[in-house]
Amino acid sequence: MDPPRIGILAGGGPLPALVAESVTAQGGSVFIVGFEGFVDPDLIAHWPHGFYRLAAAGQIIRALRDAGCRDIVLIGPVKRPALRDLKPDKEGARLLARMGRAVFAGDDGLLGAIVRVLGEEGFNVRGAHEFLTQALGPKGVLTRLSPSSDDAQDIRHAVEVVKALGRLDIGQGCVVQSGLVLAVEALEGTDAMLQRCAALRQPGPGGILLKMLKPGQEKRADMPTIGPRTIELAAESGLAGIAYQADAVLFTDLAQCVAEANARRLFLMGIEPL
């Protein structure tokens, strides 16, 4: 019997294509729902796909069912639109009503509601990490440089900051320098947060970026991600390195990220937050 076709609900960046490559390399097949305005058409052109508005839930569900998809993956960043700009179709309006207050919640509350509603529609929502095990950042130092004792202290402080942010469903990352929180990640995302940090750095050692899961986060919808651009921006912001939660953060290209960090004299390390 042929393996079931995997439906990929694709936002921006390279990860949707990486999931498709992994599924097909394992002998499976995919159908990609590309969200208009977010997905890169060139990256998904190799596989069966269609382009859909974010709120065109009726078309999306029909397309997934027609393609024979029972298992689906949500992957790739999608900027949350204002509710007035969604313009949902009839099915989208029905699903929004079923989500209730979660529509106005933080990202994890909303994504958790989306996973729940899709499950009620008969789909099995799976995490991208199930297919991208090679993209999960491992534990330990990956680079030639290791964190200093001051960096290690900043990492410990950053863990507590992100835990507090996560409990309020705000973000998955922060930048700390010498015990001072320079920036926290919110709706703008990691790249924009890092771009703010160059002007906020204090005299002395560089500081660190930490990326990790929120406490109790729904891993099937919004795992933290690091790519080469993250490394570039961390270096341009004058940071000393990047720490991430081991086996809980996806790298768009782990080998390139390590090479970029080495070239820019940053450390890159996977930790197990207590």
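Key figures for this structure:
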{"item": "Subset of the range 36-49 that is under 17 Å from the mean Cα position of the chain (by Cα) and modelled with pLDDT of 90 or more - its residue that is farthest from residue 218 (Cα to Cα)", "result": "40"}
{"item": "Answer from 75, 44 - the residue that is closer than 21 Å to residue 130 by Cβ and touching a residue at least 40 places away in the same chain (Cβ under 8 Å)", "result": "75"}
{"item": "Number of the condition not met by residue 257 [criteria: (1) in contact with a Pro (Cβ under 6 Å, 6 or more places away or on another chain); (2) modelled with pLDDT under 95]", "result": "(2)"}
{"item": "Cross-chain or 6+ apart pairs with Cβ under 7 Å, the range 1-30 first and on the phi > 0 side of the Ramachandran plot, then in a loop (DSSP other than H, G, I, E, B)", "result": "13/76; 13/77; 13/252; 27/3"}
{"item": "Residues of the range 82-116 classified as modelled with pLDDT under 70, open to solvent by less than 50 Å² (accessible area, probe 1.4 Å) and not acidic (Asp, Glu), total", "result": "13"}
{"item": "Per-region count, the range 144-168, residues crowded, with 20+ Cβ neighbours inside 10 Å and touching a Phe, Trp or Tyr at 6+ places or on another chain (Cβ under 9 Å)", "result": "2"}
{"item": "Looking only at the range 1-15, and only at residues there that are part of a loop (DSSP other than H, G, I, E, B) and over 14 Å from residue 72 (Cβ atoms), the one that is least open to solvent (accessible area, probe 1.4 Å)", "result": "12"}
{"item": "Within the range 131-157, tally of residues that are touching a residue at least 24 places away in the same chain (Cβ under 8 Å), closer than 20 Å to residue 251 by Cα and part of a helix (DSSP H, G or I)", "result": "3"}
{"item": "Filter result (surrounded by 21 or more Cβ atoms within 10 Å (Cβ to Cβ) and at pLDDT 85 or above) within the range 50-60", "result": "60"}
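Here's the yes/no breakdown for (1) in contact (Cβ under 8 Å) with a residue 60 or more places away in the chain; (2) on the phi < 0 side of the Ramachandran plot; (3) β-branched (Val, Ile, Thr):
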{"site": "209", "(1), (2), (3)": "no, yes, no"}
{"site": "213", "(1), (2), (3)": "no, yes, no"}
{"site": "224", "(1), (2), (3)": "no, yes, no"}
{"site": "231", "(1), (2), (3)": "no, yes, yes"}
{"site": "235", "(1), (2), (3)": "no, yes, no"}
{"site": "243", "(1), (2), (3)": "yes, yes, no"}
{"site": "255", "(1), (2), (3)": "no, yes, no"}
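The values are calculated or read from the model by the stated rules, or taken from the named source; none is laboratory data. Everything quoted here is computed from the prediction, not taken from an experiment. Reconstructed Cβ throughout: ideal geometry from the backbone, glycine too, with neighbour counts over all protein chains shown. Just so you know, the surface numbers come from the protein's heavy atoms only, side chains and all, with ligands and any DNA or RNA stripped out. Shrake-Rupley method; radii C 1.70, N 1.55, O 1.52, S 1.80 Å.
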